[in-house]
Amino acid sequence: MNIFHDVVSMAKLLGVSSSTVKKYYLLFEDNNYRFKRTVKGTVTFINDESKLLQRLTVLKNEPGMNLKTAVEQLVHEAGVAPLLQHENVIKHELVMSERDQLFLQLLRETKQELLAIKEVVRSNDERIEELEENIDQRFKRVLKKLKSLNEKESITLINR
C-alpha cells in the first residue's frame, strides 16, 4: 500500500525545509524524473520516492558527490522506472477519469429513475384520489337509496 506525502510531510520526514524538498524534486524533474501531482498541481511522493529522496540526502554528502551528480546517479540507477512511473500515473488518471465519468452517468441515470418513480407515485396518488371520490359517490348513492327504501317501507307500514 502506497503512502502519499506532500512537500511539508516529506520535509519533516527528511529533516529539511520544504524549500529544500522542492529544490530536490525540481532537480529530479530536470533529469526527466516525474513525480505524481494532484489535480491542483501539488507534488505528492509515494513510499519509493520518499526512499529515493532519503537516499539523496545521504548520497550528496559522500566524498566526490554533490547534489546535482547525486540526483543524476539516482535517476540513472532508476533507469526506465521514472518513465514507467509517469506512464502509470497517466494510466491511473485515465482510469480515474473513466471511473468519474461512469459515476456521473450512473448518477444521471439514477436521477432519471427517481423522476420516473416520482411520476408513478404522483399518478398513483391521483388514481387513489379518483377511487376515493368514486367510493364516496357510490356510498352517497347507496345511502340515498337506503333512505329512500326506508321511507318507502315506512309509508308502506303506515298504509297497512
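Residue-by-condition table, conditions (1) of a type in the set (A, V, I, L, M, F, W, C); (2) at pLDDT 90 or above:
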site: S19; (1), (2): no, yes
site: E29; (1), (2): no, no
site: N47; (1), (2): no, no
site: L74; (1), (2): yes, no
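Scanning the range 91-110 finds one or more residues that are within 30 Å of the chain's Cα centre (by Cα), among the hydroxyl-bearing types (S, T, Y) and either modelled with pLDDT of 90 or more or not in a helix (DSSP H, G or I) (or both). For the condition assigned to a helix (DSSP H, G or I) and open to solvent by 60 Å² or more (accessible area, probe 1.4 Å), K68 qualifies. On the stretch given as the range 3-17, residues that are of a type outside the set (D, E, K, R) and surrounded by fewer than 17 Cβ atoms within 10 Å (Cβ to Cβ) total 8. Within the range 19-48, restricting attention to residues that are open to solvent by less than 50 Å² (accessible area, probe 1.4 Å) and without any contact (Cβ under 8 Å) to a residue 24 or more places away in the chain, the residue that is farthest from V75 (Cα to Cα) is G41.
The values are calculated or read from the model by the stated rules, or taken from the named source; none is laboratory data. Small disclaimer: the values here were computed from a predicted structure and weren't measured. Ideal geometry is used to build each Cβ from the backbone, glycine not excepted, and the neighbour counts take in all protein chains shown. For accessibility, only protein heavy atoms count, side chains too; no ligands or nucleic acids. Shrake-Rupley method; radii C 1.70, N 1.55, O 1.52, S 1.80 Å.
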